Amino acid sequence: EWLCHNYTDSYGLDTAVVRFGGVFGPWHGVPGGGPSKLLKQLIECAHFGRPYRIAEPDLHRQGMDYTYSVDGAQALVRAAFAPVVDNRVYNATMGELHTIAAIISLIEQAAGRSIDLEVTQEDSMTKYGNPTSPMDLTASRRDLSYKVEYPMGKAVADYLEWLAR
């Protein structure tokens, strides 16, 4: 983000920064962050009917604002082609906090089965940060016409459909 600001200030390069929440979505690689990895593993365990070991602290987190990969891609494309505006930093998330417990419920509903959870006392996969409010999408909506096309329930269902293919 600072690199973009510095290039804009120093060289007049038109840049835009897109900030994501915990990004998750279909792909075969390894996610980069704990929240992304946790959602990938939960969704895949529900789909394949495998048990899942979850750290007890993750079940009681306050919540996090997530970004489904399709919405993240939408925001990047919109930012790349946006006209020059004063605000060049945009948030691209679902715009609401989701607890892991609530996400598990959505996953189980979409998968049509319960996830066999083994609760452990291991360290949290999502221990960094504890947001008290979702990211503000006002500038993204205004300047980029960004809209959340995949709220959590639809995102989970889409991910499960991708796994079924």
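Values in this text are rule-based calculations from the coordinates and carry no lab data. Being a predicted model, the structure only gives us computed values, none of them experimental. Backbone-built Cβ (ideal geometry, glycine too); neighbour counts: all protein chains shown.
Some observations on this one:
- Rounded to the nearest Hz, the phi-derived 3J(HN,Hα) couplings of region 48-59 under the Karplus curve 6.51 cos²θ - 1.76 cosθ + 1.60 (θ = phi - 60°) are 8, x, 9, x, 9, 8, 10, 6, 3, x, 5, 5, where x marks glycine and proline.
- Close amide H pairs (under 5 Å, H built 1.01 Å from N) link Asp65 with Gly22, His98, residues at least 5 positions away or on another chain.
- For the pair Val119 and Asp136, label points projected 7 Å from Cα toward Cβ lie 3.7 nm apart.
- For Ile54, the amide hydrogen comes within under 5 Å of the amide hydrogens of Glu118, Val119, Thr120, counting only partners 5 or more places away or on other chains and with H modelled in the peptide plane.
- Amide H contacts of Asn91 (H built 1.01 Å from N, in plane; Pro and chain starts excluded): Arg19, Ser140 sit under 5 Å, all sequence-distant by 5 or more or on other chains.
- Taking chymotrypsin sites (Phe, Trp or Tyr not before Pro) across region 47-140, the ones in a DSSP loop with at most 15 further Cβ atoms lying within 10 angstrom of their Cβ are Phe81, Tyr128.
- Most mobile listed residue (Ser140, Ser36, Ser105) in the chain, GNM with C-alpha springs under 10 Å: Ser105
- Answer label, with P(r) over Cα pairs in 5 Å bins from 0, in percent calculated from the coordinates and candidates (1) 1, 7, 11, 10, 8, 7, 5, 3, 3, 3, 5, 7, 9, 10, 7, 3, 1, 0; (2) 1, 8, 15, 17, 19, 17, 13, 7, 2, 0, 0; (3) 1, 9, 17, 19, 18, 14, 9, 6, 4, 2, 1, 0: (3)
- HN-Hα J in Hz across region 75-89 - Karplus 6.51, -1.76, 1.60, θ = phi - 60°, x for Gly and Pro: 5, 4, 5, 4, 5, 5, 10, 6, x, 5, 9, 5, 8, 10, 10
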